[in-house]
Amino acid sequence: MSSLHTEVDYSSFKDVDIVIEAVFEDINLKHRIIKEVEAATPDHCIFASNTSALPISDLAKASVRPENFIGMHYFSPVDKMPLLEIITTDQTSKETTAAAVEVGLKQKKTVIVVKDGPGFYTTRVIGALMGEAFACIQEGTSPTDLDKLFVKFGWPVGGATLVDEVGIDVAYKVTKYFLEVFGERISAGDPRVIEELVEAGCLGRKSGKGIFLYRSSTKGGARPVNPVAQKIMDKYKKEGQVAPNGEDVQWRTYLRSVNEAALCLQEDIIANPVDGNIGLIFGIGHCPQRGGPFQFLDTYGAQAFVDKMRGYEDSLGFRFEPAQIVLDYAKIWQKVHVRLMFI
């Protein structure tokens, strides 16, 4: 902490080599900061934006040095979460990427480099995961039961708690953006639930109330469900819907996350399955005992995964359509990691 210096203007930026920006997820605000910083820094200075979903290519449109522009996605809480997801655009130079990786390693982070795209890698997978979790809640699964089922399956925190930790306001912004880009495939629940939670001030742990209450004593038991949030969730509960059984909740949420990871590999957002495993385990605690999404696919079997997805696709719709890359591997009986050797 003794090495930190605070400033109220850009006067001391004239000699810096890299600037890491972490303002709110507002593209207009970020564009303004980019222009101000670049006007005060030397030509070689790298500008890195910390964002969880805004496309780096869109942010870079405000830059006069796009070759020096890069994304550095840190995970909250930064002092505890080990992953750093570095996002490159088609214009980002190799030197800029190497410098960003070096900074991350000096910060003792586990670093992966991914290509730019909506939600990059980790946020895109979280979007599918949380979308399915909200769908289960709307079908009658209680937030407390959802948390218990997640932890029992191998997640470090429950599904409802994960939303509170991420921040419901952040989840709302990401959900709105993903609906524009991916449509209903990635967001299974009714987005009005998240919207009304935000309007009611239920922003998650940081505000003391989200799906759960965080100002109440929790000694000897689980956190109580926020009655305001429960009222909103009840409002959008599907009429006549029988709550899914626990095993279906566990598999539906997990399979959606694995399939989204496979789509990211298919689209070259991630370079290889190893990066995919590392990114989700160290970024969101993706059931580490299963080895990450691609280790799971190898162990469980591509065809078994396809069959499981098809079963849910028949009853729940196209969001459970298996990624083409998994269908291809199922046909030729290869493990996903074979891609590492041949591509």
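For the reader, a short list of remarks on this structure follows.
- One residue stands out in the range 229-271 among those that are part of a loop (DSSP other than H, G, I, E, B) and in contact with a helix residue (DSSP H, G or I) (Cβ under 7 Å, 6 or more places away or on another chain): the one that is surrounded by the fewest Cβ atoms within 10 Å (Cβ to Cβ), namely LYS238.
- Cβ-Cβ under 9 Å pairs, at least 6 apart or on other chains, the range 311-334 side in contact (Cβ under 8 Å) with a residue 60 or more places away in the chain, far side in a helix (DSSP H, G or I) and hydroxyl-bearing (Ser, Thr, Tyr): ARG319/TYR312; PHE320/TYR312
- Hey, LEU54 over 30 Å from ASP248 (Cβ atoms), open to solvent by 40 Å² or more (accessible area, probe 1.4 Å), out of contact with any Ser or Thr (no Cβ under 8 Å at 6 or more places or on another chain) and among the hydrophobic types (A, V, I, L, M, F, W, C) or not: no
- GLY158 falls short on exactly one of the conditions (1) free of Cβ contacts under 8 Å to residues at least 24 places away in the same chain; (2) crowded, with 18+ Cβ neighbours inside 10 Å; (3) farther than 22 Å from ARG223 by Cβ, and that condition is (3).
- Odd one out for PRO293 among (1) modelled with pLDDT of 95 or more; (2) farther than 28 Å from PRO55 by Cα; (3) touching a helix residue (DSSP H, G or I) at 6+ places or on another chain (Cβ under 6 Å): (2)
- Only one of the numbered conditions (1) open to solvent by 70 Å² or more (accessible area, probe 1.4 Å); (2) in a loop (DSSP other than H, G, I, E, B); (3) not acidic (Asp, Glu) is not met by VAL23, and that is (1).
- Yes/no for ASP58 being part of a loop (DSSP other than H, G, I, E, B) and free of Cβ contacts under 8 Å to residues at least 40 places away in the same chain: no
- Scoring ARG223 on the criteria (1) in contact with a strand residue (DSSP E or B) (Cβ under 8 Å, 6 or more places away or on another chain); (2) part of a helix (DSSP H, G or I); (3) open to solvent by 20 Å² or more (accessible area, probe 1.4 Å); (4) not aliphatic (A, V, I, L, M) leaves a single failure, condition (2).
- Pick from the range 63-95, criterion in a loop (DSSP other than H, G, I, E, B) and among the small types (Gly, Ala, Ser), ranking: surrounded by the most Cβ atoms within 10 Å (Cβ to Cβ): SER63
- A search for C-beta distances below 8 Å between a residue of the range 17-30 that is under 12 Å from ASP58 (Cα atoms) and any residue that is exposed (fewer than 15 other Cβ atoms within 10 Å of the Cβ) and not acidic (Asp, Glu), counting only pairs 6+ apart in sequence or on different chains, returns LYS30/VAL23.
- When residues of the range 275-290 are limited to those that are surrounded by fewer than 17 Cβ atoms within 10 Å (Cβ to Cβ) and out of contact with any helix residue (DSSP H, G or I) (no Cβ under 7 Å at 6 or more places or on another chain), the one nearest to SER142 (Cα to Cα): GLY285
The values are calculated or read from the model by the stated rules, or taken from the named source; none is laboratory data. None of the values given here were measured: they were computed from a predicted structure. All Cβ positions, even for glycine, are placed from backbone atoms using ideal geometry, and neighbour counts span all protein chains on display. Accessible surface areas use protein heavy atoms only, side chains included; no ligands, DNA or RNA. Shrake-Rupley method; radii C 1.70, N 1.55, O 1.52, S 1.80 Å.
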